[in-house]
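Enquirer: Below is a structure I'd like to ask you about.
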Amino acid sequence: MKIYDLSEGELRALNENLQSANENETSWQIERPEGAHAIAVGLNAPIEVTINGSTGYYCAGMNKHATIKVNGSVGPGVAENMMSGRVIVEGDASQYAGATGHGGRLIIRGNASSRCGISMKGIEILVEGSVGHMSGFMGQSGKLVVLEDAGDSLGDSLYEAQIFVRGKIKNLGVDCVEKEMRAEHLQYLENLFKSEKIDCDAKELKRYGSARKLYNFNIDNLQNY
């Protein structure tokens, strides 16, 4: 394992080393991040990175293939534009976690703030706590699973992303409706909980998706645009 202390080294040098890591450098440990921004961004290899402490903006952004674990909380935009791999946050996440993510899995053990999963394009997001307002806004594809509560305007202007919530929802956004929980959805959740070692009954969650009324302009829906 390679250990890098950010209180003694430069962030740019760290990211350059992570981005160019080879088959002999697959395990990294980052100490004392002290809220630095853009740690472990743009990784493109199946390496494992553990960050011991909380981070600032855009941690693990544009991740591809890597597994990145943060033993702390993260600032806005964690795993932004993620393509593949895994990002695990042991604490809470600030705004727009997983924004525009195309693939991979983002796991947040605590709560996520507003706009979690905004404009998601295939990413899988699991929040073990609650999410803030406008989460799932304009979600195009992918899945957002929330084990506690959701704030205002959940799934506003949703396309084909799927949202699952176990707790209370303050209100649904425009064109977002509750949908039938079919066998394939229950199987997906059961597999997810098993893989992440979470003790949760899939039947306790409800599914939400697009009513598909805003796909094409309709004068009768003018007030919703």
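Every number here is computed from the coordinates shown, using simple stated rules; none is lab data. As the structure is a computational prediction, the values presented were derived from the model and not from experiment. FYI the Cβ positions are ideal-geometry reconstructions off the backbone, even for glycines, and counts take in every protein chain you see.
Enquirer: Would you call ASN81 surrounded by fewer than 18 Cβ atoms within 10 Å (Cβ to Cβ) and either in contact with a Ser or Thr (Cβ under 8 Å, 6 or more places away or on another chain) or among the β-branched types (Val, Ile, Thr) (or both)?
Expert: no
Enquirer: Let me ask something additional. Looking at the structure I just gave you, is ILE68 more than 24 Å from ALA161 (Cβ to Cβ), in a strand (DSSP E or B) and not small (Gly, Ala, Ser)?
Expert: So ILE68 fails the test.
Enquirer: Scanning for something touching a Leu at 6+ places or on another chain (Cβ under 7 Å) and closer than 29 Å to HIS133 by Cα, does region 50-67 turn up at least one residue?
Expert: yes
Enquirer: Any residue at all in region 19-28 that is crowded, with 18+ Cβ neighbours inside 10 Å, assigned to a loop (DSSP other than H, G, I, E, B) and in contact (Cβ under 8 Å) with a residue 40 or more places away in the chain?
Expert: No, region 19-28 contains no residue that is crowded, with 18+ Cβ neighbours inside 10 Å, assigned to a loop (DSSP other than H, G, I, E, B) and in contact (Cβ under 8 Å) with a residue 40 or more places away in the chain.
Enquirer: Restricting to region 29-58, give me the number of residues that are buried (at least 22 other Cβ atoms within 10 Å of the Cβ), under 18 Å from VAL127 (Cβ atoms) and either in contact with a helix residue (DSSP H, G or I) (Cβ under 9 Å, 6 or more places away or on another chain) or in contact (Cβ under 8 Å) with a residue 24 or more places away in the chain (or both).
Expert: Total satisfying the criteria: 0.
Enquirer: Please report, ordered by residue number, the strands (runs of 3 or more DSSP E) entirely within region 102-214 with at least 3 residues that are more than 24 Å from LYS69 (Cβ to Cβ).
Expert: Strands (runs of 3 or more DSSP E) meeting the threshold: 162-165, 176-179, 206-210.
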